[in-house]
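First up is the structure itself, then whatever we jot down about it.
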Amino acid sequence: MSTPEAATPATPSSPENTAANTADGTGASSAVEQRLTELGLTLPDVAAPVAAYVPAVISGNHVYTSGQLPFINGKLEATGKVSAGTEGASDEPTVSPEAAKNYAAVCAVNALAAVKSVIGDLDRITRIVKVVGFVSSDPSFTGQPGVINGASELLGKVLGDAGQHARSAVGVSVLPLDSPVEVELIAEFA
């Protein structure tokens, strides 16, 4: 399954890039949200958990997010395994590495929304400490780091030096709701 162009961060002029407008509907309220706006993105409402957990928790001066899926306007726009094309099973949906990279950026925006839900203002973030990305991968696909670069690059664009982080990119056989990618992060805040 290919990614709709209007649904990905690769088309920053499109307002459909993320799940929804800011929670209060008034637009950017912080410098971080302003940078998102400049990229043509809006901070979505926090996605409702699909099981027994919360989107984010605070421990000390860190926020730990749950894994975030690439929901856009409340919908998972693509399902299936990430495949370079020729190795994917013909009877299963596949997602290109380029589309999956864009979806990883959507996951990062959704993770920022989860962080905001517990600290109130994204300008309080002093560092993204760690990003963990999961890529639902065709068995012969080995480009997980390139896919998760979508999240890492987005965080660098909106947070500058504070967006530089340690990271893991893991290939898995399946993700919740058959999502092609999932991202979680740990953010330090003041």
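The values are calculated or read from the model by the stated rules, or taken from the named source; none is laboratory data. Remember, it's a predicted structure, so these values are computed and weren't measured experimentally. Backbone-built Cβ (ideal geometry, glycine too); neighbour counts: all protein chains shown. Ligands, DNA and RNA are stripped out before the accessible areas are found, and what is left, the full protein with its side chains, is counted by its heavy atoms. Shrake-Rupley method; radii C 1.70, N 1.55, O 1.52, S 1.80 Å.
A few comments on the model shown:
- Some residue of segment 48-64 being open to solvent by 10 Å² or more (accessible area, probe 1.4 Å), in contact (Cβ under 8 Å) with a residue 24 or more places away in the chain, closer than 21 Å to Gly171 by Cα and in a loop (DSSP other than H, G, I, E, B): no
- Residues of segment 29-44 satisfying the condition of being hydroxyl-bearing (Ser, Thr, Tyr) and either open to solvent by less than 50 Å² (accessible area, probe 1.4 Å) or under 24 Å from Leu69 (Cβ atoms) (or both): Ser30, Thr37, Thr42
- Against the conditions (1) of a type in the set (A, V, I, L, M, F, W, C); (2) surrounded by fewer than 24 Cβ atoms within 10 Å (Cβ to Cβ); (3) under 17 Å from Ser179 (Cβ atoms), Phe134 satisfies every one except (2).
- Count - residues of segment 159-190 that are surrounded by 22 or more Cβ atoms within 10 Å (Cβ to Cβ) and within 13 Å of the chain's Cα centre (by Cα): 6
- Some residue of segment 147-155 being within 14 Å of the chain's Cα centre (by Cα), assigned to a helix (DSSP H, G or I) and of a type in the set (Val, Ile, Thr): yes
- Test set (1) among the hydroxyl-bearing types (Ser, Thr, Tyr); (2) assigned to a loop (DSSP other than H, G, I, E, B); (3) over 25 Å from Ser136 (Cα atoms) - Thr37 fails condition number: (2)
- Sole residue being modelled with pLDDT of 95 or more and either open to solvent by 10 Å² or more (accessible area, probe 1.4 Å) or assigned to a strand (DSSP E or B) (or both), chosen from Glu16, Glu87, Glu92, Glu98: Glu98
- Selection from segment 145-173 of residues that are touching a strand residue (DSSP E or B) at 6+ places or on another chain (Cβ under 6 Å) and in contact (Cβ under 8 Å) with a residue 60 or more places away in the chain: Val147
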